[in-house]
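This report concerns only the one structure given below.
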Amino acid sequence: MLVKMNVDAFVAELASSSPAPGGGTIAAVTGSFAAGLGNMVCGLTIGNSKYPEAQPFLPAVQKKLQDLQNEFLRLADEDTDAFNQVMAAFRLPKTTEEEIDARKEAIAKANIIAAQVPMRTAEAAVTVLELLPEVITYGNANALSDCGVATECARTACKGALMNVAINLPSIKDAEVHADLSQKKELIKEKMNAAYQNVVGVLALKFEY
């Protein structure tokens, strides 16, 4: 599992000539950074007597961010696995008619998964963006810069994941699946832009940078 590697080994694997892990995996890892930073700010605030207004709200937010942090890490490995499934499908034998049909079916299924996984990453990243205003509003004021970095990481995770959806869409021949994923991609892009503008606005009220 890539997420069990230390940072040096992970970056070395990323920089190698192997095509996986690639951008989709990095989008998911970046999402985990966003959720992790938000989680940290909650932890610095919960139980702190300087922030009584935060106590009814942030524990639930922290739980959601922890769950998202774990989800991103699962998606990081799933993205690499999805790419490897596509490559494995292309390597299947194609000598007989039965083999050709089986190979085509395997490729079609693998291509769909390769788009669905980053779609889930993008959805999770938007959720982080939607949670961050509450963290900024109620969180420890000394950690506002961490909230800012979390915001940019979440946006990058979402945009990067959507790029990976887009690049896989032309390989999906099922018209219904293609249309569904295309529509979802545009809806998530809209939600990302709205959530990002909102969180940046909330941050600007608390922190000038």
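Exactly one residue out of K63, K104 is among the charged types (D, E, K, R) and at pLDDT 95 or above, and it is K63.
Hey, does the range 31-43 have a residue that's in contact with a Cys (Cβ under 7 Å, 6 or more places away or on another chain) and among the β-branched types (V, I, T)? Yes, the range 31-43 contains a residue that is in contact with a Cys (Cβ under 7 Å, 6 or more places away or on another chain) and among the β-branched types (V, I, T).
Regarding the range 134-142, can at least one residue be identified that is more than 26 Å from Q69 (Cβ to Cβ) and charged (D, E, K, R)? Within the range 134-142, not a single residue is more than 26 Å from Q69 (Cβ to Cβ) and charged (D, E, K, R). Scanning the range 117-157 for residues that are surrounded by fewer than 19 Cβ atoms within 10 Å (Cβ to Cβ), among the polar types (S, T, N, Q) and within 30 Å of N168 (Cβ to Cβ) yields one hit, T156.
Using the structure shown, decide if N70 is modelled with pLDDT of 95 or more, under 19 Å from the mean Cα position of the chain (by Cα) and either surrounded by fewer than 20 Cβ atoms within 10 Å (Cβ to Cβ) or among the basic types (K, R) (or both).
Working: modelled with pLDDT of 95 or more: yes; under 19 Å from the mean Cα position of the chain (by Cα): yes; either surrounded by fewer than 20 Cβ atoms within 10 Å (Cβ to Cβ) or among the basic types (K, R) (or both): yes.
Judged against the criteria, N70 is a match.
State whether one or more residues within the range 150-164 are free of Cβ contacts under 8 Å to residues at least 12 places away in the same chain and either on the phi > 0 side of the Ramachandran plot or of a type outside the set (D, E) (or both). No, that holds for no residue.
When every residue of the range 162-171 is checked against the conditions, at least one turns out to be touching a Leu at 6+ places or on another chain (Cβ under 9 Å), more than 21 Å from Q62 (Cβ to Cβ) and surrounded by 20 or more Cβ atoms within 10 Å (Cβ to Cβ).
Scanning the range 87-113 for residues that are in contact with a helix residue (DSSP H, G or I) (Cβ under 7 Å, 6 or more places away or on another chain), within 30 Å of K191 (Cβ to Cβ) and free of Cβ contacts under 8 Å to residues at least 60 places away in the same chain returns A110, I113. Cβ-Cβ distances below 6 Å connect the following pairs, each with a first residue in the range 1-27 that is surrounded by fewer than 14 Cβ atoms within 10 Å (Cβ to Cβ) and outside any helix (DSSP H, G or I), a second residue that is of a type outside the set (G, A, S) and modelled with pLDDT of 80 or more, and a separation of six or more residues or different chains: M1/D77.
For the range 37-63, residues that are in contact (Cβ under 8 Å) with a residue 60 or more places away in the chain and either crowded, with 19+ Cβ neighbours inside 10 Å or within 13 Å of I136 (Cα to Cα) (or both) total 13.
On the basis of being under 18 Å from L68 (Cα atoms) and in contact (Cβ under 8 Å) with a residue 24 or more places away in the chain, does I188 make the cut? It is true that I188 is under 18 Å from L68 (Cα atoms) and in contact (Cβ under 8 Å) with a residue 24 or more places away in the chain.
The values are calculated or read from the model by the stated rules, or taken from the named source; none is laboratory data. Keep in mind it's a predicted model, so treat the numbers as computed, not measured. Methodologically, a virtual Cβ is constructed for each residue, glycine included, from the backbone with ideal geometry; neighbour enumeration extends over all protein chains shown.
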